[in-house]
Each structure stands twice: as structure tokens, then as C-alpha cells.
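What follows is one structure encoded as C-alpha cells, with my remarks underneath.
Where a number appears in this text, it was derived from the coordinates with a stated rule and is not lab data. Note that the structure is a prediction, hence the values are computed from the model and not measured. No Cβ is skipped: glycine too gets one built from the backbone with ideal geometry, and neighbour counts run over all protein chains shown.
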Amino acid sequence: MFDITVISGDGIGKEVMGAALHVLDHLNIDFNYNFTNAGNECFKKTGTTIPDKTINEAREGDATLFGAVTTVPGQKSAIITLRKELDLFANIRPVKSYPGVKSLYDDLDFVIIRENTEGLYSGIEEATEERATALRVITREASERICKFAFQYAKKTDRGKVTVIHKANVLKKTDGLFRNIFYKIAADFSDIRTEDRYVDAAAMLFITKPQIFDVVVTTNLFGDILSDEGAGLVGGLGLTPSANIGENYGLFEPVHGSAPDMAGKNIANPSAMILSAVMMLNYLKEYETARNVENALIQVLIEGKTVTPDLGGSASTIEMAKEVINKLEGKL
Ligand code: ATP
């Protein structure tokens, strides 16, 4: 039995969450869901986008599933607050091609691990009339833990190479430190190959030769940009899941937002949310079930019959999820 904190949020967040929970309900695992609130609708009801109660409930569960929220400019970001409060220092973004999905490449399978707590997003900015600055903070502690996490992740998932992406030729002190720490940590993982690349060259290689990547580890801003580039390589937002991991907590969310233009129509692609639930199952060490759900989704994508409009079909969000469940029958 697992206690799962569920934050559906706004817009299509609610629809794709409903679809993913429907799939989870058909597995041979007991989940106890604790539904809680964040986002813009929550703001309208409670005056805050992320109540303390929600943060505490996320702390209490075995894992958190997060749909999507609409962030109105000027409001506190629910997801950034959760990442900070739960110290979710690692953002994992798989770049994986799925059959039946129109993509630039059909043979990709690599993972981007982005440092989630500091770098250029440390939140330390200053402005006068004439000048504005943002502080790019790279600490030994945060760099060690993200690099160690990347190597451990590579080891656990049988991946042979970790690439660090940086700009140490220009950002000599900050990225110099990050790269040096990467190689120091690498020494403890002698069976895993290493490589370092400048971010500009890596951005081009993502387009021209993405097959060379296996596990990528990088700082906050570079990771943010490169992971969207990665999503663009493999069919876009409807298919891209993510995980936010800390020492004690895991939060799983699709990369897409609340898509107000699609909300209420029940046509959002549920794949990114279902694949986020697959990442959660792996986090909970339910490896076989995770594989089964992913394979069932792959079958639905290959058949291409019961898929949502963005994939060329006419199925609703929930119909596509039900088709995943049909493919699971007999495999559990
Ligand atoms: P937000 O303000 O919450 O970030 P947004 O509309 O700016 O919302 P996204 O929700 O990430 O940003 O979506 C951008 C566009 O991508 C949507 O308008 C929609 O057309 C498409 N999209 C996003 N998610 C999905 C999905 N699950 N299925 C199909 N299309 C999607």
C-alpha cells in the first residue's frame, strides 16, 4: 500500500490526472490517494497558490503526483515552492522516442538530469535604474549531490556513460567548479564512461547527433533549456514526463502546463501524465508494473487507433487511458 499525494491543479491537469489515476486503479497495487490543492483555482478559493497544508501533505505521502497549474504573473509558483520546500534537487527528464509518434528521431533514449536548486535560478537578483544582475550560485554541496545522483542513476538503470554539460571556458569559476566536481565523483564509478561538452556544442549535437547521449548532467538554466530541446526531438509536450527527486521525496509531473486552450474538452493527451506515473512506479520500486504500463501505452501508440487528436486520432483523454488498461489486461 502506497500513500500518494495527488495535486491535479488546473485546466488539463485535472483531465490527465483523472486518466493516469484510472490506469493506476487497474494495477495490482494498493494506492491510497490524498487529493489536495494548488494552483490558480486554489488561489481563488484560499488566497494562496500553494497552502502550507498541501506542502505538509506532500511530505507525508510516499510520492506526489502533480498534474499542471496555471501560474498567473505575480502569483507564487506552486511547483517552484514545492521543489524548494521538499528539496527536490534533481529534475529528471527522459528524452525517449515512442513508436507511432511523429518525431525528429525515432531512436532516442537518453536522460537529462538537471540541478534544480541553484545556478542562475538561485533567485538572487538586483536592479537599479541602470543595471540589473542575477547571481549564478554553484556550491560544492549541490554539485556533488547532483553529480553523484547522475552516476547512481546511470548505474541503477544500466547506462554506460554520463556527460557533463557546462561552459567552463567562459564561466571559469562556477562551471569550472561544477566540472571538477563531476570528475571527482566519476572516480568512484570507474565502470561508467564520462565525457564533458560545452553547452553551445551540446545544443547543436542534440539536433545533429543526439544518439551519442546516454545520461546528461547539468546546471539549472542549461538543463531547463536543453530539456525542452529534448522534448522537441521526440514528439513534444503530450509525451514528455518528468520527475523531481530529493533525498526523501519524489514528485512526478508532465512537462506540459495546464493548456487553458484545451481545458474542459477532454482531448488532452494523457501520455505524459501516465509516463510520469510510470516514473513514480519505478521510484516506488515497482519495476515490473512500470514496464508493463509503459509497454501497454507503447502498444496503443503503435496501433494509433485510440489516440488523442494531437496524435492524429479522435479519442478522448479517458478513452485513450482505457485503451492502455485494455492492453494491460492479462499482463498483471
Ligand atoms: P500554462 O500557462 O499552464 O503553462 P500553456 O498553454 O502556456 O499553459 P502548455 O500547457 O505547456 O502551456 O501547452 C502549450 C500547448 O501545447 C497547449 O496550448 C496545447 O496546444 C499543447 N499541449 C500541451 N499539453 C498537451 C497535451 N497533454 N495534449 C495535447 N496537447 C498539449
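Counting other Cβ atoms within 10 Å, keep those with at most 11, restrict to DSSP loop, and tell me which trypsin sites (Lys or Arg not before Pro) in the range 166-243 are left. Walk me through the numbers before you get to the answer.
Details: sites: 167, 172, 173, 179, 184, 193, 197; in loops: 167, 172, 173.
Answer in residue order: 172, 173.
Let me check I've understood the local charge: for residue 31, count other residues with C-beta under 10 angstrom from its C-beta, Lys and Arg +1, Asp and Glu -1. What total comes out? It would help to have the intermediate numbers written out before the result.
Values: positive: none; negative: 3, 25, 30, 62.
So the surrounding residues net to -4.
Note the angle between two axes, namely the Cα long axis of helix 287-303 and the longest principal axis of the Cα atoms of the chain, as a number of degrees from 0 to 90, rounded to the nearest 10.
Rounded to the nearest ten degrees, it is 70.
Find out how many positive minus negative residues lie around residue 307, taking Lys and Arg as positive, Asp and Glu as negative, among other residues whose Cβ is under 11 Å from that of residue 307. Display every interim value, and only then the final one.
Values: positive: 305; negative: 303, 310, 319, 323.
Here the charged neighbours net out to -3.
Once you've got the Cα coordinates, tell me which of 84/209; 76/184; 209/265; 44/322; 14/96; 44/285 are over 29 Å apart. Write down the numbers at each step before the final one.
On the way: 84/209 34 Å; 76/184 37 Å; 209/265 38 Å; 44/322 33 Å; 14/96 25 Å; 44/285 37 Å.
Among 84/209; 76/184; 209/265; 44/322; 14/96; 44/285, the Cα-Cα distance tops 29 Å for 84/209; 76/184; 209/265; 44/322; 44/285.
Report Rg(Cα)/(2.2 N^0.38 Å) for the range 105-169, keeping two decimals.
1.51
Would you compute, for the Cα atoms of the range 109-231, the largest minus smallest coordinate along each principal axis and list the three values in descending order, in whole Å?
Taking the Cα atoms of the range 109-231, the three principal extents are 52, 31, 22 Å.
Hey, if you put +1 on the Cβ of every Lys and Arg and -1 on every Asp and Glu Cβ in the chain, which of 5, 315, 185 ends up farthest toward the positive end of that dipole?
So the residue furthest toward the plus end is 185.
What size of dipole, in debye to the nearest 20, comes out for the chain about its Cα centre when the only charges are +1 on Lys and Arg C-beta atoms and -1 on Asp and Glu C-beta atoms? Could you put the intermediate results ahead of the total?
Details: 36 positive and 45 negative charges, 111 e Å.
Using only the charged Cβ atoms, the result is roughly 540 debye.
Taking the highest mean first, how do the peptides 215-228, 315-328 order by number of other beta carbon atoms within 10 angstrom per residue?
Working: 215-228: 22.6, 315-328: 19.8.
Sorting 215-228, 315-328 by mean packing, highest first, produces 215-228, 315-328.
When the dipole is taken about the Cα centre of the range 109-231, and only Lys, Arg (+1) and Asp, Glu (-1) are charged at their Cβ, what size is it in debye, to the nearest 20? Can you show the working numbers first?
On the way: 18 positive and 20 negative charges, 111 e Å.
So the dipole magnitude of the range 109-231 works out to roughly 540 debye.
Can you tell me the FRET efficiency between residue 102 and residue 127 if r is taken as the Cβ-Cβ distance and R0 is 30 Å, rounded to the nearest 0.05? Could you put the intermediate results ahead of the total?
Values: r = 43 Å, r/R0 = 1.44.
Efficiency for this residue pair is about 0.10.
If you take the Cα atoms of the chain, find Rg, then find the Kirkwood Rh from the mean of 1/r over all pairs, what is Rg/Rh?
Working: Rg = 19.7 Å, Rh = 20.5 Å.
So for the chain, dividing Rg by the Kirkwood Rh gives 0.96.
Rounded to the nearest 5, what % of the DSSP beta bridges within the range 109-231 are antiparallel ones?
Values: 4 of 18 bridges.
Just about 20 percent of them are antiparallel.
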